[in-house]
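Notes follow once the structure below has been shown.
The values are calculated or read from the model by the stated rules, or taken from the named source; none is laboratory data. Fair warning: this is a prediction, and the values are worked out from it, not measured in the lab. Note that each Cβ is placed from the backbone with ideal geometry, even for glycine, and that neighbours are counted across all protein chains shown. Areas reflect the complete protein model, heavy atoms only, side chains present, ligands, DNA and RNA absent. Shrake-Rupley method; radii C 1.70, N 1.55, O 1.52, S 1.80 Å.
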Amino acid sequence: MLKKRDLHEVPVLFELMSHPDVFPYVRHKATTSDEFYFITKKTIEAEEQGELISRTIMDEYQQPIGTINLYDIESNHGFLATWIGKPYFGKGYNRVAKEQFFDELFFDYEIETIFMKVRKTNIRSTKAVLKLPYVALGNTIYPEVYQKVNHIDEIYDIFAISKEHYLSYQQFVNLEANADGEVG
């Protein structure tokens, strides 16, 4: 479902990113395919330098459908940015991609907290975040982060996923599955 970024996927991702229901919410916008090639190349280089972690979200046919990234990594914390193409909205890809990415971040990279800043006006993203049982509204829990991203106007809500809450949730799911007779 996730793979390291690669320049071969740029044409498909650029077309998906360009849709008006997606484009306003993409962190690194590109208005041309060439510009998106450049951004993708810079993203790959930044990951090689340890500045961020970026993956392509794939569907069940191994076609690229979006990206998931951890930016601004500092002191084992970072900011999540995800987008998925409009044809894939509401089909469960977002949650599965997030959980795979969180597993990688918490276990392979020793990230302690993942922050998500969501525009207060972005109802779709807010609803998606609130479906995650291990997420907390971080506006008051992490006031310094809230102030940092809203230094001029209060545009964003901050959501936080701590390694501790995520692992607790995963243990609960495994216990529940084992209680139902399934192997977890």
Not counting ligands, DNA or RNA, and with a 1.4 Å probe, what is Glu35's accessible surface area in Å² rounded to the nearest 10? 70
Please give the peptides 97-106, 129-138 ranked by average Cβ packing (other Cβ atoms within 10 Å per residue), highest first, as a rough proxy for protection. 97-106, 129-138
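Students sometimes get this wrong: rank Tyr166, Tyr93 by accessible area, probe 1.4 Å, all chains present, largest first.
Per-residue accessible area, sorted high to low, gives Tyr93, Tyr166.
Protein chains only, probe 1.4 Å: how do Ser162, Ser125 rank by accessible area, largest first? Present the calculation step by step, with values, prior to reporting the outcome.
Values: Ser162 20, Ser125 40 Å².
Descending order: Ser125, Ser162.
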Would you kindly derive the ³J(HN,Hα) couplings of the stretch 93-108 from the backbone phi angles with the Karplus curve 6.51 cos²θ - 1.76 cosθ + 1.60 (θ = phi - 60°), listing them in order in whole Hz, with x for Gly and Pro? 5, 4, 5, 4, 4, 4, 5, 5, 5, 4, 4, 4, 5, 6, 9, 8
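Helix-only mean residue ellipticity at 222 nm, the chain, DSSP H runs n ≥ 4 weighted -39,500 (n - 2.57), per residue, nearest 500. What is it? Mind showing how you got there, number by number?
Details: 6 runs with 72 residues, N = 184.
After summing the helix terms and dividing by residue count, I get -12000 deg cm²/dmol.
Please state the relative contact order of the stretch 1-154 as a whole percent: Cα pairs under 8 Å, 6+ residues apart?
Numbers: 185 pairs, mean separation 30.4, N = 154.
Normalised by residue count, the contact order of the stretch 1-154 is 20 percent.
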GNM result for the chain, Cα springs below 10 Å: residue of Gly92, Gly66, Gly78 fluctuating most strongly: Gly92
Would you mind checking which residues have amide H under 5 Å from Tyr156's amide H? H placed 1.01 Å from N; only 5 or more apart, or other chain. Lys120
Sort Thr31, Thr40 from largest to smallest accessible area, using a 1.4 Å probe on the heavy atoms of the protein chains. Thr31, Thr40
Hey, what do the phi angles of the stretch 109-114 turn into as Karplus ³J(HN,Hα) couplings, whole Hz, using 6.51/-1.76/1.60 and θ = phi - 60°, x for Gly and Pro? 10, 6, 5, 9, 9, 10
Taking a straight Cα-to-Cα line shorter than 14 Å from Lys127, and setting aside same-chain aspartates and glutamates fewer than 8 residues away, one finds Asp157
